[in-house]
1. Residue by residue through the stretch 361-384, note down the ones that are part of a loop (DSSP other than H, G, I, E, B) and under 20 Å from GLY313 (Cα atoms).
2. Could you tell me which numbered condition VAL140 fails, if it satisfies all but one of (1) surrounded by fewer than 22 Cβ atoms within 10 Å (Cβ to Cβ); (2) not basic (Lys, Arg); (3) not in a helix (DSSP H, G or I)?
3. Which of (1) over 30 Å from LEU340 (Cα atoms); (2) not in a strand (DSSP E or B) does LEU220 not meet, given it meets every other one?
4. If I ask for residues that are within 36 Å of the chain's Cα centre (by Cα), on the phi < 0 side of the Ramachandran plot and surrounded by 13 or more Cβ atoms within 10 Å (Cβ to Cβ), which ones from the stretch 225-236 would you list?
5. Looking at (1) over 28 Å from ALA135 (Cα atoms); (2) outside any strand (DSSP E or B); (3) in contact (Cβ under 8 Å) with a residue 12 or more places away in the chain, which is the one condition that is false for TYR521?
6. Which members of the stretch 473-494 meet the condition of being over 19 Å from LEU129 (Cβ atoms) and surrounded by 16 or more Cβ atoms within 10 Å (Cβ to Cβ)?
7. So which residues in the stretch 283-304 are of a type outside the set (Val, Ile, Thr), in a helix (DSSP H, G or I) and surrounded by 16 or more Cβ atoms within 10 Å (Cβ to Cβ)?
Amino acid sequence: MASTFGATSTVGLMAAPTGKNVRLQRRVNFRVRAAKELYFNKDGSAIKKLQTGVNKLADLVGVTLGPKGRNVVLESKYGSPKIVNDGVTVAREVELEDPVENIGAKLVRQAAAKTNDLAGDGTTTSVVLAQGLIAEGVKVVAAGANPVQITRGIEKTAKALVEELRKLSKEVEDSELADVAAVSAGNNYEIGNMIAEAMSKVGRKGVVTLEEGRSSENFLYVVEGMQFDRGYISPYFVTDSEKMSAEYENCKLLLVDKKITNARDLINVLEEAIRGGYPILIIAEDIEQEALATLVVNKLRGSLKIAAIKAPGFGERKTQYLDDIAILTGATVIRDEVGLSLDKADKSVLGTAAKVVLTKESTTIVGDGSTQDEVTKRVAQIKNLIEAAEQEYEKEKLNERIAKLAGGVAVIQVGAQTETELKEKKLRVEDALNATKAAVEEGIVVGGGCTLLRLAAKVDAIKDTLENDEQKVGAEIVRRALSYPLKLIAKNAGVNGSVVTEKVLSNDNFKYGYNAATGQYEDLMAAGIIDPTKVVRCCLEHAASVAKTFLTSDVVVVDIKEPESAPLANPMDNSGYGY
């Protein structure tokens, strides 16, 4: 562990105002770094240790692959243990005692994490495929092949196979969405049908979110209008004491992009609301106690139909949300940057909503349809931002804004009997939802590991484009590794993987494959065994990337563990018991 020590050195004398000499001191900081241990790849020893770490992680994650895959039980320091069937969740929990093996596990974990970030599913396949590429690659490198040329061949072959994959892909039809989701959720058609129904209600580009339910059943409901996680500031704004909600129809909205500190600033707007007899919802960055008390008193007296909430989001996102609400309702946001002052605001800056519903935790605003043209333009602007965005999180938030403006969010409530089952089930549903979104984006291919296996037949043609024999060996490594996922799916189903691959390849129909759920060889596309093209693509690209990094590594550098100091013994009295 790195430690920092301070040292002082005298730099001279200086006359103080009192006439005395003062000795100045200069503080010198220096850092002592922890010692490192170097593992050189003599006789392949470092690579073997790294590969042991890869295999430990891949073998653990691999038990979850396919419809007959098993669960993994993860210890939790706090609360109940987690039972998971999700590859990336299992991979994140693995820390190996040997530091070199742990680095190997971390390397291959990158393939799972990257695939999960981009496609949201296929994490186990990424790890298994990376394991296959590494296993086959280590054999030829140990025999004396040049790892740089080998990995270049792997990289070029993977890139060419992605293009072949796109040729095999087809656009997903509405009737196939349930199959995609069900396969990802371990052949659970209840989940698959629910996700397909959710997408049919809000559209393929609509937002579908997950919640933890409070019963053992799964539920689906659609939120109409724009909803966000901000409830009323004060419970005194409630209009329905039974539901503890505030509901207004034909409601005006005042949007303020700053803190409201003084009730006097609201006099113009509130007096016009009293004269007009219309309800008003105030959305501001915050409302201080004095101003809030004035609003509550007028509400309780019956002078005003009013409610107030804090603006959703923070910083730039808060500004974007307020602008979206303004577009939906026809309001003008009051902010200092555009020269609008709250104390001079009147009803011309107010927006209009057909209905607003406020609860303790959320607010829903339903537009009146008068701003549809502006909403359409705003949605087009946000779509342009999505195309330019690089991070998946940013794209997700932008898609949420589109759905809120367009007026519909589907919510799936996941139910279970116990907390442990709930967490496992929610991970499955999340995988299924991500797989369905990926299928909508890039289409679908035959599932069950068969598409990867069929791509192996394209390798011979790719070899002819490679520069030298060692690159062609790299292509051959990819060919052999492509069978690993199907072999493992078969193994988890209790069948010999080599026999299954031979039987599948004996039929020239690329849709023909092994259905591990039923044990039948059949047309997998017709049977609904489907994978999103994006998931298969990400698996191939990220596994190849990890294998390239692994095979070109020659030295491993790790921290030397500091010995743990023994705890001091408690002082003891003559009784022999510590006190």
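1. Here is the first cut: in the stretch 361-384, the residues part of a loop (DSSP other than H, G, I, E, B) are 361-362, 368-371.
Selection gives GLU361, SER362.
2. (3)
3. (2)
4. Selection gives MET226, GLN227, PHE228, ARG230, GLY231, TYR232, ILE233, SER234.
5. Among (1) over 28 Å from ALA135 (Cα atoms); (2) outside any strand (DSSP E or B); (3) in contact (Cβ under 8 Å) with a residue 12 or more places away in the chain, TYR521 violates only (2).
6. Our first condition is that a residue be over 19 Å from LEU129 (Cβ atoms); within the stretch 473-494, this holds for 494.
Of everything in the stretch 473-494, nothing turns out to be over 19 Å from LEU129 (Cβ atoms) and surrounded by 16 or more Cβ atoms within 10 Å (Cβ to Cβ).
7. Taking the stretch 283-304 as the starting set, the residues that turn out to be of a type outside the set (Val, Ile, Thr) are 284-286, 288-293, 295, 298-304.
Then keep just the ones that are in a helix (DSSP H, G or I); that gives 289-293, 295, 298-301.
Listed by number, the residues that qualify are ALA291, LEU292, LEU295, ASN298, LYS299.
Quick grid of which residues meet (1) over 20 Å from the mean Cα position of the chain (by Cα); (2) more than 23 Å from THR52 (Cα to Cα); (3) at pLDDT 95 or above; (4) buried (at least 20 other Cβ atoms within 10 Å of the Cβ):
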| residue | (1), (2), (3), (4) |
| --- | --- |
| ILE529 | yes, yes, no, yes |
| PRO532 | no, yes, no, yes |
| VAL535 | no, yes, no, yes |
| LEU540 | no, no, yes, yes |
| THR549 | yes, no, no, no |
| SER553 | yes, no, no, no |
| ASP559 | yes, no, no, no |
| ALA566 | yes, yes, no, no |
| MET572 | yes, yes, no, no |
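The values are calculated or read from the model by the stated rules, or taken from the named source; none is laboratory data. In this text the structure is predicted, and so the values were computed from the model without any measurement. No Cβ is skipped: glycine too gets one built from the backbone with ideal geometry, and neighbour counts run over all protein chains shown.
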